[in-house]
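Asker: Take this structure first; my questions come after.
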Amino acid sequence: MDIQSIGIVGAGQMGNGIAHVMALAGYDVLVTDVSADALKNAMDTIEGNLGRQVGRGKVSEADANAAMARIKTTQTLTDLGQSDLIIEAATERETVKQAIFEDLLPHLKPDTILTSNTSSISITRLASRTDRPEKFMGFHFMNPVPVMQLVELIRGIATDTETFDACKAVVDRLGKTAASAEDFPAFIVNRILMPMINEAVYTLYEGVGSVQSIDSSMKLGANHPMGPLELADFIGLDTCLAIMNVLHDGLADTKYRPCPLLTKYVEAGWLGRKTDRGFYDYRGEVPVPTR
């Protein structure tokens, strides 16, 4: 299948990043969101990020301008129906994703491929609620999308080879690397990463170390570019908790039990950078540990 047009559901951090790299690779992109403000913010973010790439000499000004011209926005979900490939990048809640696909189905071309950028939810289960499980798969980008080189491609139990090959060709055109993952809870990256973050929260919860000492230990002792608690704030503590719950529920193993302190932070609405408070307080000039 020759994919030329990409529909993206959700104009948040992941959605705008995916739109950025797709447009830069020459695809026509249509982004939808229920919020007009979110769409405007997404376009402003993409323009700013492209500008930074131009400033660093990574992208020419002509290519950046051409990429911006390829991106259109709409608040009407069904406008995406004529896209060759649709990537859902909405909230990490299964009921929300199912509702999006159900609304899209009557408006799709027969050969449109449906994908989800979910970081943990069952692709097979999402696909089973559509009319094209063989043309459905997981298309999981890493955050921030323009910087990170990996894309996880996850087949559902019904995904056919043609669909996988078409999505792999898109990843290749983006200049990124595809990792093929089986459809088990949290796939590869988050199956390994989230329990590490959760264990760091337990280490804080049990008083083994402070926020600062835990992050410094992993940066200087394990050569991680970011400490696990700093990384959790960057990802979003609500997202971390959601993925741990998927792992715990899906694998029924107590080693995936979310730390009560992680739950408490989410209950407080301290979700990390996006709310200005998480394991660090970002309201001043320099982030300050909250514990």
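Derivation of every value follows stated rules applied to the coordinates shown; laboratory data play no part. In this text the structure is predicted, and so the values were computed from the model without any measurement. So basically every Cβ, Gly included, is an ideal-geometry build from the backbone, and we count neighbours across all protein chains shown.
Asker: Please report the antiparallel percentage of DSSP beta bridges with both residues in the stretch 5-181, rounded to the nearest 5.
Answerer: Percent antiparallel among DSSP bridges in the stretch 5-181 is about 15.
Asker: Please work out the FRET efficiency for the pair residue 252 and residue 223, using the Cβ-Cβ distance as r and a Förster radius of 22 Å; give the result to the nearest 0.05.
Answerer: The pair residue 252/residue 223 has a calculated efficiency of 0.05.
Asker: Rounded to the nearest Å, what's the spacing between the alpha carbon centres of the stretch 31-63 and the stretch 160-186? Just the number, please.
Answerer: 25 Å
Asker: Same structure again: If you plug each phi of the stretch 211-225 into the Karplus form 6.51 cos²θ - 1.76 cosθ + 1.60 with θ = phi - 60°, what whole-Hz ³J(HN,Hα) values come out, in order, with x for Gly and Pro?
Answerer: Here the 3J(HN,Hα) series is 3, 5, 5, 5, 5, 4, 4, 6, 6, 8, x, 10, 6, 7, x Hz.
Asker: Which ordering of 240, 167, 259 is given by a fewest-first count of other beta-carbon atoms within 10 Å?
Answerer: Least to most surrounded, the residues fall as 259, 167, 240.
Asker: Provide the per-residue ³J(HN,Hα) series for the stretch 41-54, in order, calculated from phi with Karplus coefficients 6.51, -1.76, 1.60 and θ = phi - 60°, each as a whole number of Hz, with x at glycine and proline positions.
Answerer: Once θ is set to phi - 60°, the couplings for the stretch 41-54 become 4, 4, 5, 5, 5, 4, 4, x, 5, 5, x, 5, 5, 5 Hz.
Asker: Ok, one more. Once volume of the Cα convex hull per residue in Å³ is worked out from the coordinates, which option in (i) 110; (ii) 119; (iii) 135 does it equal?
Answerer: (iii)
Asker: Counting only C-alpha contacts under 8 Å and six or more residues apart, can you give the relative contact order of the chain as a whole percent?
Answerer: Taking the mean separation of contacting Cα pairs over the length of the chain, I get 13 percent.
Asker: Additional query: Which order do the peptides 112-124, 209-221, 89-101 come out in when sorted by mean C-beta neighbours inside 10 angstrom, highest first?
Answerer: Per-residue mean Cβ counts within 10 Å order the peptides as 112-124, 89-101, 209-221.
Asker: So if each residue of separation counts as 0.36 nm, and I subtract the Cα-Cα distance between residue 63 and residue 202, what length gain in nm does that give?
Answerer: 45.4 nm
Asker: Right, here's the next one. May I ask you to evaluate 6.51 cos²θ - 1.76 cosθ + 1.60, the Karplus curve with θ = phi - 60°, for each residue of the stretch 18-27 and list the ³J(HN,Hα) values in order in whole Hz, giving x for glycine and proline?
Answerer: 5, 4, 4, 6, 5, 5, 5, 7, x, 7
Asker: I need the calculated FRET efficiency for the pair residue 52 and residue 162, taking r as the beta carbon distance and R₀ as 41 Å, to the nearest 0.05. Walk me through the intermediate numbers first.
Answerer: Details: r = 37 Å, r/R0 = 0.91.
Step by step, r from the Cβ atoms, then E = 0.65.
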